[in-house]
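The values are calculated or read from the model by the stated rules, or taken from the named source; none is laboratory data. Predicted model, so just to flag it, every value in this text is computed and none were measured. Don't worry about glycine lacking a Cβ; one is built from the backbone with ideal geometry, like all the others, and counts go over all protein chains shown. The accessibility values were calculated without ligands, DNA or RNA, using every heavy atom of the protein model including side chains. Shrake-Rupley method; radii C 1.70, N 1.55, O 1.52, S 1.80 Å.
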Amino acid sequence: MGNVHAKAPTEPELKGVKTSSAPAAKKDDIFVKFDKLPVRVQRVVVDGLTRTKDDIIIKEVKPLLSAKTFDELVQLSYNAKVKMERLGLFKNVVIAFDVSKDKRENGYEVLFEVSEFRRVRSGGIHTEISNNDGSLILGMQMPNIFGRGEKLDLHYIIGTKRTHGYKAHLKKPLNNNPDIYMGALAFQSHGEYPWSGYKQTDRGFALDLTFPTMFGSHNLQWEGVWRDLRALSRETSFSVREQAGHSLKSSLKHTFSIDTRDDRILPTTGTLWQTCQEYAGIGGNVEFAKQDGTFQWNTSLIWDTIFQVSLAGGVMRPLDPKASVNINDRFFLGGPLTLRGFNLHGCGPHSHENALGAEAYWLAAAHIYSPLPFRPGKGRFGDFFKTHFFVNAGNLGSLDFNDLNGSVRGLGETMRWSYGMGLVLYLGGMARLELNYVIPMRVQKGDKVNPGLQFGIGINFL
Amino acid sequence: MSLVVDSVQATLGASEPWPDDVCLFQQYQVEQITLPDYAQCLAVRTFLHMNGLRFRVEQRTNAEEMSPSGKVPFIQVGLYLVSEMDPIVAFVGTKGFSLSRELSDTERSEMRAYMSMVENILGNAELYMAWLNAEIATEVTKPRYGCSFPWPLRWILPWSKQREIRARLKSNDWADKSLDEVCAEVKVCCQALSERLEKKEFFFGDRPTELDALVFGHLYTLLTTILPGGHFTAVLRDFENLGKFCKRIEDSYFRLGGFD
């Protein structure tokens with residue numbers, strides 16, 4: 001971050017009033033009584049522009065001309081600097097104030113020395129951990145590609161389970177507001193889903209709009225994706241094989257989230273509320289409406305223990321009542337970070353070892369996290385470990401919309417639940433790792449149960 | 001690997017008799033299936049009929065993607081899926097059904113030679129005609145192949161299939177042939193078949209063999225499918241005994257129980 005350099009005008013009685021409005025100012029900056037000093041900004045110079053467009057800069061620095069006092073000028077300049085940096089225009093902005101050259105009364109000049117990003121920046125190599133699957137991402141970024149804060153991200157992803165894919169994501173802030181942006185995404189990816197015995201190649205295109213509101217953040221997305229589903233092997237069940245082939249999903253999706261948690265992997269306080277509606281069937285040959293939601297509440301108790309409650313649920317229905325939703329859009333349940341005590345996606349209907357998924361699910365979990373007993377490594381590595389006790393319950397099934405009460409009761413009656421305890425390891429803001437001893441208490445026929453020790457790694461958990 | 005799986009599967013399947021719920025999967029016959037695929041499906045169906053085996057034809061738009069080998073037709077016998085003519089013949093053989101059991105070794109190898117000739121020449125000629133002949137590909141094959149998909153898959157998938165077929169025909173030197181050369185090949189093949197058949201009822205002895213099923217599958221398809229240009233129909237018209245052969249097989253295996 002750049003500093004604000006202020007050159008004091010030569011006035012006799014200089015008294016130490018620090019420019020409180022400039023948080024980036026250091027203690028050893030000159031102390032001047034600035035706040036009421038009258039100013040007239042005569043020139044604003046922005047030096048170092050090569051590809052950033054003038055109009056966007058003018059819009060950001062124009063408010064400076066209306067500054068009446070020096071204090072205001074510093075404040076406005078700082079705002080402009082922060083805004084331009086947040087828009088992803090510059091990697092560094094240094095502001096310098098000077099009295100204007102023509103020596104008019106109270107005349108000032110402001111100089112922004114900006115340094116733009118290089119055209120292509122290596123996004124480096126990093127790893128991403130999704131549920132029980134790790135992937136390596138090779139990235140490249142082109143910041144400020146068209147000169148108005150647009151950012152292009154190119155990714156190549158290669159993962160365990162033979163996942164691989166490419167992704168190009170262009171983001172553009174709208175109306176010079178870094179919080180409201182449009183995105184365009186093109187991708188191709190291939191993945192294997194051994195629990196269901198199929199593999200799939202996705203090729204698609206998406207457009208989205210992200211904007212904040214008073215209550216939380218919204219994301220509206222249209223996605224068109226061509227999916228090529230194939231049986232994974234000769235052992236794949238016929239019920240899965242029947243669904244092989246090409247499908248084109250064109251869907252509108254709305255995601256709303258409020259996240260006040262202090263950490264998304266191991267929060268100690270705060271609430272997460274996230275809902276997602278998807279409507280597929282605007283063109284294409286995949287037609288369903290889907291609703292999914294997650295709620296999580298964390299609170300700290302005595303002795304550094306944390307109490308956490310999570311709820312999740314979802315329901316979908318095909319637009320044509322006689323049709324059914326394909327396996328690649330269905331809900332699955334079970335796994336070492338969600339419904340513990342069951343194999344990954346091991347709950348619900350199966351056909352010859354292949355999970356078929358279902359059209360509705362619910363899931364609830366309660367945890368009590370506490371530090372390690374006797375607190376070894378306190379303040380150091382010990383803080384990355386927690387012990388937890390948990391109870392989780394859930395069910396997966398289909399809702400019959402003609403007999404809603406009955407099928408909802410059915411989803412309650414045939415529920416699965418388990419409890420246990422274990423260790424949670426916080427992996428540097430990236431993922432969590434759990435080693436649990438789980439006792440499944442209620443299972444249903446066909447479930448793949450994993451009693452005893454269970455190991456899980458991932459970001460999403462309940 | 002897949003050969004081992006095939007043979008293991010064939011041996012495992014052998015212990016059970018022919019079940020009642022055997023299904024043969026293919027694309028929709030009226031709207032969707034392409035000429036070469038139809039010929040393959042008809043050959044297999046004729047073969048099963050000749051063995052007197054019961055089966056049901058299931059038409060699925062995604063039959064090709066469902067098939068373990070990516071080609072139609074395939075049959076489902078209990079838990080086993082077997083696709084394409086040769087593996088199906090072998091599989092049915094392990095169940096104790098064979099059309100060529102009574103042939104001598106020399107005859108059997110002769111039959112195999114004819115079969116591979118038919119599969120090579122007629123199979124490739126059908127692919128050539130359906131996908132590489134610009135007029136037929138645009139007017140018939142591609143619209144049919146893409147008919148079950150929404151736009152833009154409706155044109156992407158036929159286009160990529162055409163590329164795939166072109167690459168396959170390039171590798172065996174068929175892609176560079178002219179239409180006349182292809183017709184000449186077909187003529188040579190039919191000439192050989194016609195000479196073998198002469199005035200007899202079947203190619204070998206007085207009972208149908210796998211060769212009869214295969215020849216019927218291909219020739220019947222070529223004779224009855226009306227394509228722009230009508231090149232193959234014109235070639236086949238010269239071989240009267242082959243035409244009669246097709247009529248005979250059709251009458252005895254497809255007329256009685258209706259056309260499936």
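The rows are residues; the columns are (1) over 16 Å from residue B:36 (Cα atoms); (2) buried (at least 17 other Cβ atoms within 10 Å of the Cβ).
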| position | (1), (2) |
| --- | --- |
| B:64 | no, yes |
| B:73 | no, yes |
| B:79 | yes, no |
| B:82 | yes, yes |
| B:96 | yes, no |
| B:103 | yes, yes |
| B:113 | yes, no |
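Residue by residue through the range A:361-390, note down the ones that are among the hydrophobic types (A, V, I, L, M, F, W, C) and over 21 Å from residue A:461 (Cβ atoms). Across the range A:361-390, the qualifying residues are A:374, A:381.
Scanning the range B:35-92 for residues that are free of Cβ contacts under 8 Å to residues at least 24 places away in the same chain, within 14 Å of chain A (Cβ to nearest Cβ) and assigned to a helix (DSSP H, G or I) yields a total of 1. Hey, could you check the range A:214-232 for residues that are touching a strand residue (DSSP E or B) at 6+ places or on another chain (Cβ under 9 Å) and not in a strand (DSSP E or B) and say which is surrounded by the most Cβ atoms within 10 Å (Cβ to Cβ)? Per the stated criteria, the residue is A:232. The single residue among A:415, A:441 that is in contact with a Ser or Thr (Cβ under 6 Å, 6 or more places away or on another chain) and under 13 Å from residue A:342 (Cβ atoms) turns out to be A:441.
Taking the listed residues B:187, B:161, B:170, the one that is modelled with pLDDT of 90 or more, under 21 Å from residue B:131 (Cα atoms), within 14 Å of chain A (Cβ to nearest Cβ) and out of contact with any Asp or Glu (no Cβ under 7 Å at 6 or more places or on another chain) is B:161, with no other qualifying. Highlighted here are the strands (runs of 3 or more DSSP E) found entirely within the range A:244-349 that include at least 1 residues which are more than 30 Å from residue A:446 (Cα to Cα) and in contact (Cβ under 8 Å) with a residue 40 or more places away in the chain: A:245-259, A:270-284, A:306-318. For the structure I just gave you, tell me whether residue B:126 is outside the structural domain of residue B:44 (by TED's automatic domain parsing) and open to solvent by 50 Å² or more (accessible area, probe 1.4 Å). No, not satisfied. Quick check on residue A:200: is it within 12 Å of another protein chain (Cβ to nearest Cβ) and in a strand (DSSP E or B)? Yes; evaluated as a whole, the condition is true for this residue. For the range A:251-258, does any single residue satisfy the condition of being facing another protein chain (nearest Cβ under 10 Å) and open to solvent by 30 Å² or more (accessible area, probe 1.4 Å)? No: the range A:251-258 contains no residue that is facing another protein chain (nearest Cβ under 10 Å) and open to solvent by 30 Å² or more (accessible area, probe 1.4 Å).
Reported count of residues in the range A:259-291, each being more than 14 Å from chain B (Cβ to nearest Cβ) and either touching a strand residue (DSSP E or B) at 6+ places or on another chain (Cβ under 6 Å) or modelled with pLDDT of 90 or more (or both), is 23.
Within the range B:220-247, residues that are assigned to a loop (DSSP other than H, G, I, E, B) reach partners that are open to solvent by 50 Å² or more (accessible area, probe 1.4 Å) and not hydrophobic (A, V, I, L, M, F, W, C) with beta carbons closer than 6 Å, at six or more positions or on different chains, in the pairs B:228/B:135; B:228/B:139. Apart from one condition, residue A:175 fits all of (1) among the polar types (S, T, N, Q); (2) over 22 Å from residue A:88 (Cα atoms); (3) open to solvent by 60 Å² or more (accessible area, probe 1.4 Å); the exception is (2).
With respect to residue B:107, is the statement that it is acidic (Asp, Glu) and surrounded by fewer than 17 Cβ atoms within 10 Å (Cβ to Cβ) true? When the stated conditions are applied, residue B:107 passes them. In the range A:209-231, the residues that are within 14 Å of chain B (Cβ to nearest Cβ) form Cβ pairs under 6 Å with partners that are of a type in the set (Phe, Trp, Tyr) and open to solvent by 30 Å² or more (accessible area, probe 1.4 Å), at six or more places apart or across chains, as follows: A:224/A:205. Is one or more of the residues making up the range B:153-167 under 17 Å from the mean Cα position of the chain (by Cα), in a helix (DSSP H, G or I) and within 27 Å of residue B:251 (Cα to Cα)? Looking for residues that are under 17 Å from the mean Cα position of the chain (by Cα), in a helix (DSSP H, G or I) and within 27 Å of residue B:251 (Cα to Cα), one finds none in the range B:153-167, hence no.
Screening the range B:136-158 for residues that are surrounded by fewer than 18 Cβ atoms within 10 Å (Cβ to Cβ) and either aliphatic (A, V, I, L, M) or within 14 Å of chain A (Cβ to nearest Cβ) (or both) and picking the one that is farthest from residue A:250 (Cα to Cα) gives B:147.
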